[in-house]
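The values are calculated or read from the model by the stated rules, or taken from the named source; none is laboratory data. Remember, it's a predicted structure, so these values are computed and weren't measured experimentally. Positions of Cβ are generated from backbone atoms using ideal geometry, with glycine treated the same way; all protein chains shown enter the neighbour counts. For accessibility, only protein heavy atoms count, side chains too; no ligands or nucleic acids. Shrake-Rupley method; radii C 1.70, N 1.55, O 1.52, S 1.80 Å.
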Amino acid sequence: MTARSGGGLFITFEGVEGSGKSTQADALARSLSELGLEVVRSREPGGTPLGERIRDILLDRSVSGMEPRAELMLFLASRAEHVERVILPALGRGAVVISDRYADASVAYQGGGRELGIDLVERLNETATGGVQPDVTFLIDVSPEAGQRRKTRDPHALDRIEEEALAFHERVRNAYLELAAREPTMFQYWLHAPHK
Ligand code: TYD
């Protein structure tokens, strides 16, 4: 069973597509590295060899009509690998782990977006992560319309999840906002004015 030991700091960035969270995560990683800290920059889905292969399947536009529970299980499989092979070893050495997305993304996308329900996803996340939770999460909030405008300069470049309808991304955003309202370690930021 997974247990968290050592010092270390686990930071995650979350948000809808096009929120700019990766840019923020990179900037924080650079600043902390410059202070002389060991920073492990990672992402989900992915972050390990198996996770990156699972990522390819999850984002592949030619895989159509994936059953939402199958989709959830693939994200969870990638997460279980990520926790055991990257996150826990890094925290054990006292490093700072900065991940682009983590368990909250499944709550928002599969629980909210795919309407599997927040409770179910939280329970399964607990199994996948062994209870390893971020110390702090930055939710970069942007309206899905604004996010999509930033991402859809080339509509053919959209992946399987990005190309979902706006209503899906609205549900994702609402689930994130619900999480931020009740999670004391999740902080919400707007990089752009919170216009519609
Ligand atoms: P990615 O290209 O990393 O998107 P972004 O740059 O917006 O983070 O693709 C990851 C996609 O997977 C993104 O659409 C969000 C989605 N996702 C889920 O649906 N559930 C999850 O648990 C995770 C981690 C990601």
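Divide the volume of the convex hull of the Cα atoms of segment 25-107 by its number of residues and quote the answer in cubic angstrom per residue.
On the way: hull volume 7.7 nm³, N = 83.
Normalising the Cα hull of segment 25-107 by residue number yields 92 Å³.
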Margin query: How large is log10 of I(q)/I(0) for segment 55-151 at q = 0.23, 0.25 Å⁻¹ when the intensity is taken from the Debye formula with one equal scatterer per alpha-carbon?
Written below: -1.32, -1.39
Notebook entry, point to check: Per the 1.4 Å probe, what fraction of the accessible area of the chain, in percent, lies on carbon and sulfur atoms?
Noted result: 53 percent
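Relative contact order for the chain: what is it in percent, counting Cα pairs under 8 Å that are at least 6 residues apart?
Numbers: 338 pairs, mean separation 66.6, N = 196.
Rounded, it is 34 percent for the chain.
So if I place +1 on the C-beta of Lys and Arg and -1 on the C-beta of Asp and Glu, and nothing else carries charge, what would the dipole magnitude of the chain be about its Cα centre? I want it in debye, nearest 20.
Working: 24 positive and 30 negative charges, 51 e Å.
In total the dipole reaches around 240 debye.
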Item checked: With 10 Å bins from 0: P(r) over segment 1-52, alpha-carbon pairs, percent -> 19, 44, 33, 4
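Using just the helices of the chain, give the 222 nm mean residue ellipticity in deg cm²/dmol: DSSP H runs with n ≥ 4 each add -39,500 (n - 2.57), and the total is spread over all residues, rounded to 500. Write down the numbers at each step before the final one.
On the way: 8 runs with 86 residues, N = 196.
When only DSSP H runs of four or more count, the value is -13000 deg cm²/dmol.
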Next item on the list: Note the angle between two axes, namely the Cα long axis of helix 118-129 and the longest principal axis of the Cα atoms of the chain, as a number of degrees from 0 to 90, rounded to the nearest 10.
Entry: 40 degrees
Checklist line | Accessible area of segment 51-196 divided out per residue, in Å², using a probe of 1.4 angstrom | finding: 48 Å²
Checklist line | Spin-label model distance (nm) - A167 vs L35, 7 Å beyond Cα toward Cβ | finding: 4.5 nm
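Return the percentage of antiparallel bridges among DSSP beta bridges fully within the chain, rounded to the nearest 5 %.
On the way: 0 of 19 bridges.
The answer is about 0 percent antiparallel.
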Checklist line | Radius of gyration, Dmax [segment 104-146; alpha carbons; angstrom] | finding: 11.9, 35
Check: Computed over the Cα atoms of segment 102-196, what is the convex hull's projected area averaged over all directions, in nm²?
Finding: 6.5 nm²
Item checked: Quarter of Cα convex hull surface for the chain, i.e. mean projection, nm² -> 10.9 nm²
Next item on the list: Springs between alpha-carbon atoms under 10 Å, Gaussian network over the chain: tell me which of I11, I57, I98 tops the mean-square fluctuations.
Entry: I57
Item checked: Highest average packing first - 27-33, 118-124, 17-23, Cβ atoms within 10 Å -> 17-23, 118-124, 27-33
